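Inspection log for the structure reproduced underneath, given as structure tokens.
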Amino acid sequence: MTSIALTIAGSDPSGGAGLQADLKTFHQHGVYGAAAVSLITVQNTRSVSKVVPLEPELLRSQIRAVIEDLDVDAVKTGALGSEANIEVVSEEFRDRRVPLVVDPVMVSTHGALLLDESGQRRVRALLPSTFLVTPNAPEAALLTGRSVASVADAEDAARALVQCGVESVLVKGGHLPHDEQACDVLLTQGVIHRFPAKRIPSRHTHGTGCSLSAAITAWLAHGESLPTAVWRSKRWISSAIESAKPIGTGAGPINHAEPVVP
């Protein structure tokens with residue numbers, strides 16, 4: 001049986017992030033990918049010059065068209081662009097029995113705002129419908145209203161987010177103070193798991209967060225446990241950064257063609 005995953009995310013015409021990165025990641029992990037477009041960007045590896053959220057009812061229609069026809073095994077969200085679009089996702093998945101992975105994308109790699117302030121506050125309304133939320137340290141700080149500057153802070157932020165109703169939390173450690181390792185923190189079923197990985201000096205990191213959450217979603221679609229899904233996804237991301245080829249003149253993409261090791 002073919003595993004199917006749906007991404008609800010923004011479009012990156014340069015192909016490194018957003019739904020383009022998600023679909024490449026799904027394919028590489030042996031999952032059929034469907035996509036509902038939440039916003040359009042004008043960007044490349046150097047900058048983002050325009051962000052246009054789609055109308056919420058258009059987003060809702062896309063989601064329903066997929067869900068009513070395809071037997072979707074897992075869903076992930078990326079940049080949703082507006083409070084209204086967040087509300088659509090919250091309403092559509094409140095009662096659906098499918099794991100929802102929320103990557104609370106608020107700012108692009110280039111620093112462009114992908115979600116306004118009201119939308120940032122509204123992200124918390126998605127949490128009770130969410131199986132896993134995957135903020136980086138700055139996003140975890142915005143969602144919890146507390147400083148996230150260490151691995152211990154990341155663990156505290158994960159606990160605070162679980163109190164908001166989300167089932168599991170992965171706080172990504174790439175933005176934490178630099179040392180030899182970047183440690184992600186997963187809280188699930190009351191247990192903290194740490195996933196350290198060596199830091200890889202590279203400018204080819206565009207779309208890393210999108211691709212990590214997409215890889216986790218793909219493994220969940222295959223029926224894998226969450227800790228194993230995170231561990232396998234982290235391993236693939238590290239290899240995809242190391243093997244990335246020069247594309248563009250700015251923050252280049254990871255290598256989405258990196259082989260997946262079971």
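The values are calculated or read from the model by the stated rules, or taken from the named source; none is laboratory data. Keep in mind it's a predicted model, so treat the numbers as computed, not measured. FYI the Cβ positions are ideal-geometry reconstructions off the backbone, even for glycines, and counts take in every protein chain you see. Protein only, heavy atoms only, side chains kept; ligands, DNA and RNA dropped before computing areas. Shrake-Rupley method; radii C 1.70, N 1.55, O 1.52, S 1.80 Å.
With the requirement that a residue be open to solvent by 10 Å² or more (accessible area, probe 1.4 Å) and modelled with pLDDT of 90 or more, what does region 127-138 give you?
Matches in region 127-138: PRO128, SER129, PHE131, ASN136.
Only one of (1) more than 21 Å from THR144 (Cβ to Cβ); (2) at pLDDT below 90; (3) open to solvent by 70 Å² or more (accessible area, probe 1.4 Å) fails for ARG122. Which number is that?
Tallying (1) more than 21 Å from THR144 (Cβ to Cβ); (2) at pLDDT below 90; (3) open to solvent by 70 Å² or more (accessible area, probe 1.4 Å), ARG122 fails exactly one: (1).
Does VAL37 meet the test of being touching a residue at least 40 places away in the same chain (Cβ under 8 Å), of a type outside the set (Phe, Trp, Tyr) and not in a loop (DSSP other than H, G, I, E, B)?
When the stated conditions are applied, VAL37 does not pass them.
Here are some conditions: (1) touching a Leu at 6+ places or on another chain (Cβ under 7 Å); (2) in a strand (DSSP E or B). ALA197 meets all but one. Which one does it not meet?
(1) is the only condition that ALA197 fails.
Tell me which of these LEU161 doesn't satisfy, since it passes every other one: (1) closer than 17 Å to ARG124 by Cα; (2) open to solvent by 20 Å² or more (accessible area, probe 1.4 Å).
Only one criterion is unmet by LEU161, namely (2).
Please count how many residues of region 44-91 are in a loop (DSSP other than H, G, I, E, B), surrounded by fewer than 17 Cβ atoms within 10 Å (Cβ to Cβ) and without any contact (Cβ under 8 Å) to a residue 40 or more places away in the chain.
3
Looking only at residues in region 244-256 that are more than 26 Å from VAL171 (Cβ to Cβ) and out of contact with any Lys or Arg (no Cβ under 8 Å at 6 or more places or on another chain), which one is most open to solvent (accessible area, probe 1.4 Å)?
So the residue we want is LYS245.
Would you check if there is a residue in region 191-200 being more than 19 Å from ALA141 (Cα to Cα) and surrounded by 19 or more Cβ atoms within 10 Å (Cβ to Cβ)? Steps first, please.
Within region 191-200, the subset more than 19 Å from ALA141 (Cα to Cα) is 191, 193, 195-200.
Next cut, surrounded by 19 or more Cβ atoms within 10 Å (Cβ to Cβ) only: 195.
Yes, some residue in region 191-200 is more than 19 Å from ALA141 (Cα to Cα) and surrounded by 19 or more Cβ atoms within 10 Å (Cβ to Cβ).
Kindly list the number of the only condition in (1) in contact with an Asp or Glu (Cβ under 9 Å, 6 or more places away or on another chain); (2) of a type in the set (A, V, I, L, M); (3) in a helix (DSSP H, G or I) that fails for ALA215.
Among (1) in contact with an Asp or Glu (Cβ under 9 Å, 6 or more places away or on another chain); (2) of a type in the set (A, V, I, L, M); (3) in a helix (DSSP H, G or I), the lone unmet condition for ALA215 is (1).
Got at least one residue in region 14-32 being surrounded by fewer than 18 Cβ atoms within 10 Å (Cβ to Cβ), under 18 Å from the mean Cα position of the chain (by Cα) and more than 18 Å from LEU220 (Cβ to Cβ)?
Within region 14-32, not a single residue is surrounded by fewer than 18 Cβ atoms within 10 Å (Cβ to Cβ), under 18 Å from the mean Cα position of the chain (by Cα) and more than 18 Å from LEU220 (Cβ to Cβ).
Which number in (1) crowded, with 21+ Cβ neighbours inside 10 Å; (2) without any contact (Cβ under 8 Å) to a residue 12 or more places away in the chain marks the one condition that ARG97 misses?
Looking at each condition in turn, ARG97 falls short on (1).
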